[in-house]
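Below: the structure, in structure tokens.
The values are calculated or read from the model by the stated rules, or taken from the named source; none is laboratory data. Only a predicted model underlies this, so the values are computations on that prediction, with no experimental measurement involved. We place every Cβ from the backbone using ideal geometry, glycine too, and count neighbours over all the protein chains shown.
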Amino acid sequence: MPFVKRDAAGDITAVSARPAGGCREEVTADDPALASFLATLQAGRNALADTDQDFVRVLEDVIDLLVERGVFSMQDLPEDARSKILRRKALRERLLGY
């Protein structure tokens with residue numbers, strides 16, 4: 001059974017598999033308040049994940065700009081990072097034409 005911590009309003013603010021870190025109240029796994037808390041956490045994770053692809057594109061553009069301006073060379077990056085960037089760039093060009 002999970003253990004929860006609640007705020008002054010009675011809303012769950014933390015969950016733990018064992019009593020720790022203020023999580024002292026044991027609830028059932030199907031507790032509606034627990035389900036709501038976990039759904040809120042998942043929604044936040046989904047919102048963050050939704051920005052990942054856009055952010056990766058921004059990073060690619062920044063890298064291209066820094067290389068164009070001579071701030072650094074692709075050769076300055078670790079081989080693993082360089083190969084991932086080049087693979088993404090090749091896929092994007094092949095699939096999207098840019």
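Working carefully through the options G10, G97, find the one that is at positive phi and either of a type in the set (S, T, N, Q) or in contact with a helix residue (DSSP H, G or I) (Cβ under 9 Å, 6 or more places away or on another chain) (or both). Give the derivation first.
Working: G97 fails: either of a type in the set (S, T, N, Q) or in contact with a helix residue (DSSP H, G or I) (Cβ under 9 Å, 6 or more places away or on another chain) (or both).
The conditions single out G10.
Scanning the range 26-37 for residues that are of a type outside the set (G, A, S) and closer than 9 Å to I12 by Cβ, we see that the one that is surrounded by the most Cβ atoms within 10 Å (Cβ to Cβ) is F37.
Residue-level check: of (1) loosely packed, with under 10 Cβ neighbours inside 10 Å; (2) in a helix (DSSP H, G or I), T40 misses just (1). Can you go through F55, F72 and tell me which one is modelled with pLDDT under 95 and in a loop (DSSP other than H, G, I, E, B)? Only one candidate passes the filter, namely F72. Here D64 meets the list (1) surrounded by 11 or more Cβ atoms within 10 Å (Cβ to Cβ); (2) in a helix (DSSP H, G or I); (3) over 25 Å from the mean Cα position of the chain (by Cα) almost entirely, failing just condition (3).
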